[in-house]
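A.B. asks: Structure provided below as structure tokens; questions to follow.
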């Protein structure tokens with residue numbers, strides 16, 4: 001029989017300084033309608049979730065704070081951490097597993113919004129939208145012939161990471177008249193790529209081939225500094241680099257050098273090696289052909305609605321003793337005794 005209540009904690013960064021919900025809809029109505037479920041927001045924000053904050057939680061829905069080995073010293077009760085999004089580099093996965101805590105992400109919920117934001121940047125960069133806007137504001141109408149853009153038509157997209165976002169991007173770009181897309185992804189299946197009409201290539205060949213390179217892979221030991229001085233030197237001088245994945249995949253010093261030396265046409269960067277970027281004067285901000293955003297280019301009310309509902313549905317499944325494996329990152333935890341002991345409190349008798 002289910003234990004009541006099943007207590008869900010939210011990190012404090014979902015709220016404004018006045019304690020109001022920052023985002024229109026994160027699925028709270030689903031939790032409020034579920035019997036035997038309670039929810040609360042942490043009373044204060046900490047960059048690293050403390051053991052005290054999770055001690056009375058069965059589930060945690062986390063936006064930006066890190067969860068380290070120290071966090072899990074308070075995880076005797078905690079059953080699941082739901083990352084509000086798909087990146088989980090801020091969670092110590094090994095420590096999470098050792099503590100018998102499932103780590104979940106909102107697979108699929110971000111695909112449309114992130115893909116649409118990438119296309120937004122592709123169009124803005126290639127059509128030189130910021131420069132033309134500035135030209136008019138500064139009285140430079142007569143100089144407009146010096147600011148010719150280019151179309152997506154006949155250009156080649158290169159996707160690094162052919163997962164949900166990369167696949168959605170490829171599908172969304174159909175109709176722009178681009179060349180068949182290419183992708184680098186050591187884990188992608190040839191059948192999946194073929195269904196999308198994508199040709200899989202080694203990384204170096206993709207960089208030499210592509211007019212737009214979109215980074216859509218997770219940050220881990222294999223992808224850290226994946227695009228450094230050598231790799232960026234392979235790109236066409238009229239190509240654009242777009243990173244909406246994670247800072248640290250693209251080496252910022254190497255990218256700054258390539259832009260300063262005119263070896264790239266431009267870039268769209270949403271993520272940074274060190275976040276948050278709270279001071280003016282970031283090296284990439286000096287370039288007129290670079291578009292920057294504070295890790296929020298894809299943030300829309302629709303995105304947060306979709307992530308929120310997926311996150312709430314997932315933690316509610318655990319409250320019924322039914323872990324949805326598709327969303328679990330550390331699936332080996334599902335067989336661990338300490339996880340099974342906590343889950344057993346919520347499993348219903350058939």
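A.B. asks: Looking only at segment 3-47, count how many residues are assigned to a helix (DSSP H, G or I) and loosely packed, with under 12 Cβ neighbours inside 10 Å.
C.D. replies: In the first step, residues of segment 3-47 are kept if they are assigned to a helix (DSSP H, G or I); the result is 12-14, 28-32.
Filter once more, so that each one left must be loosely packed, with under 12 Cβ neighbours inside 10 Å: 32.
Looking only at that region, the number is 1.
A.B. asks: Scanning segment 87-118 for residues that are surrounded by fewer than 19 Cβ atoms within 10 Å (Cβ to Cβ) and out of contact with any strand residue (DSSP E or B) (no Cβ under 7 Å at 6 or more places or on another chain), which turns out nearest to residue 241 (Cα to Cα)?
C.D. replies: Restricting to residues being surrounded by fewer than 19 Cβ atoms within 10 Å (Cβ to Cβ) and out of contact with any strand residue (DSSP E or B) (no Cβ under 7 Å at 6 or more places or on another chain), the top hit is 116.
A.B. asks: Continuing with this model, one more query. Can you name the helices (runs of 4 or more DSSP H) wholly within segment 50-146 that have at least 1 residues being over 30 Å from residue 210 (Cα atoms) and touching a helix residue (DSSP H, G or I) at 6+ places or on another chain (Cβ under 9 Å)? First the steps, then the outcome.
C.D. replies: Details: elements: 51-54, 93-98, 111-126, 129-137.
Correct list: 51-54, 93-98, 129-137.
A.B. asks: Go through the residues of segment 277-284 one by one and say whether even a single one is loosely packed, with under 15 Cβ neighbours inside 10 Å, in contact (Cβ under 8 Å) with a residue 40 or more places away in the chain and not assigned by TED's automatic domain parsing to the domain that holds residue 63.
C.D. replies: No, because not a single residue in segment 277-284 is loosely packed, with under 15 Cβ neighbours inside 10 Å, in contact (Cβ under 8 Å) with a residue 40 or more places away in the chain and not assigned by TED's automatic domain parsing to the domain that holds residue 63.
A.B. asks: Applying the selection to segment 60-74, what residues are touching a strand residue (DSSP E or B) at 6+ places or on another chain (Cβ under 9 Å) and crowded, with 22+ Cβ neighbours inside 10 Å? Show your work before the answer.
C.D. replies: If we filter segment 60-74 for residues that are touching a strand residue (DSSP E or B) at 6+ places or on another chain (Cβ under 9 Å), which is where we start, we get 60-63, 65-68, 70-71.
Matches in segment 60-74: 60, 61, 62, 67, 71.
A.B. asks: I'd like to check something: does segment 261-268 contain any residue that is buried (at least 17 other Cβ atoms within 10 Å of the Cβ) and closer than 19 Å to residue 113 by Cβ?
C.D. replies: Scanning segment 261-268 turns up at least one residue that is buried (at least 17 other Cβ atoms within 10 Å of the Cβ) and closer than 19 Å to residue 113 by Cβ.
A.B. asks: Which of the numbered conditions does residue 314 fail, given that it passes all the others? Conditions: (1) part of a loop (DSSP other than H, G, I, E, B); (2) touching a strand residue (DSSP E or B) at 6+ places or on another chain (Cβ under 7 Å); (3) over 20 Å from residue 182 (Cβ atoms).
C.D. replies: (1) is the only condition that residue 314 fails.
A.B. asks: In the set 326, 305, which member is surrounded by fewer than 16 Cβ atoms within 10 Å (Cβ to Cβ) and either within 30 Å of residue 127 (Cβ to Cβ) or not assigned by TED's automatic domain parsing to the domain that holds residue 132 (or both)? Please lay out each step first, then the result.
C.D. replies: On the way: 305 fails: surrounded by fewer than 16 Cβ atoms within 10 Å (Cβ to Cβ).
Exactly one residue qualifies, and that residue is 326.
A.B. asks: What number of residues in segment 128-146 are at positive phi and either surrounded by fewer than 11 Cβ atoms within 10 Å (Cβ to Cβ) or not assigned by TED's automatic domain parsing to the domain that holds residue 194 (or both)? Steps first, answer last, please.
C.D. replies: As a first pass, look at segment 128-146 and keep what is at positive phi: 128, 139.
When the remaining residues are screened for being either surrounded by fewer than 11 Cβ atoms within 10 Å (Cβ to Cβ) or not assigned by TED's automatic domain parsing to the domain that holds residue 194 (or both), the result is 139.
Residues meeting the conditions: 1.
A.B. asks: Is it fair to say residue 183 is farther than 30 Å from residue 58 by Cβ and at pLDDT 95 or above?
C.D. replies: So residue 183 passes the test.
A.B. asks: Can you tell me which residues in segment 163-194 are free of Cβ contacts under 8 Å to residues at least 40 places away in the same chain and under 19 Å from residue 241 (Cβ atoms)?
C.D. replies: 170, 176, 178, 179, 181, 182, 183, 184, 185
A.B. asks: Mind telling me which of the residues 269, 297 ends up being under 25 Å from residue 160 (Cβ atoms) and touching a residue at least 40 places away in the same chain (Cβ under 8 Å)?
C.D. replies: Details: 269 fails: touching a residue at least 40 places away in the same chain (Cβ under 8 Å).
Matching residue, one of 269, 297: 297.
A.B. asks: If you check residue 149 against the conditions, is it touching a helix residue (DSSP H, G or I) at 6+ places or on another chain (Cβ under 7 Å), surrounded by fewer than 19 Cβ atoms within 10 Å (Cβ to Cβ) and in a loop (DSSP other than H, G, I, E, B)?
C.D. replies: Numbers: touching a helix residue (DSSP H, G or I) at 6+ places or on another chain (Cβ under 7 Å): yes; surrounded by fewer than 19 Cβ atoms within 10 Å (Cβ to Cβ): yes; in a loop (DSSP other than H, G, I, E, B): yes.
Yes: the conditions hold for residue 149.
A.B. asks: Let me ask something additional. Kindly provide the set of residues from segment 234-260 that are surrounded by 22 or more Cβ atoms within 10 Å (Cβ to Cβ), free of Cβ contacts under 8 Å to residues at least 60 places away in the same chain and touching a helix residue (DSSP H, G or I) at 6+ places or on another chain (Cβ under 6 Å), ordered by number.
C.D. replies: Result: 235, single match.
A.B. asks: If you don't mind, there's one more thing I want to ask. On the given criteria, is residue 53 at pLDDT 95 or above, outside the structural domain of residue 216 (by TED's automatic domain parsing), farther than 24 Å from residue 111 by Cβ and crowded, with 16+ Cβ neighbours inside 10 Å?
C.D. replies: Values: at pLDDT 95 or above: yes; outside the structural domain of residue 216 (by TED's automatic domain parsing): yes; farther than 24 Å from residue 111 by Cβ: yes; crowded, with 16+ Cβ neighbours inside 10 Å: yes.
When the stated conditions are applied, residue 53 passes them.
The values are calculated or read from the model by the stated rules, or taken from the named source; none is laboratory data. All values derive from a computational prediction rather than experimental measurement. Here the Cβ is made from the backbone with ideal geometry for all residues, glycine too, and neighbour counts use every protein chain on show.
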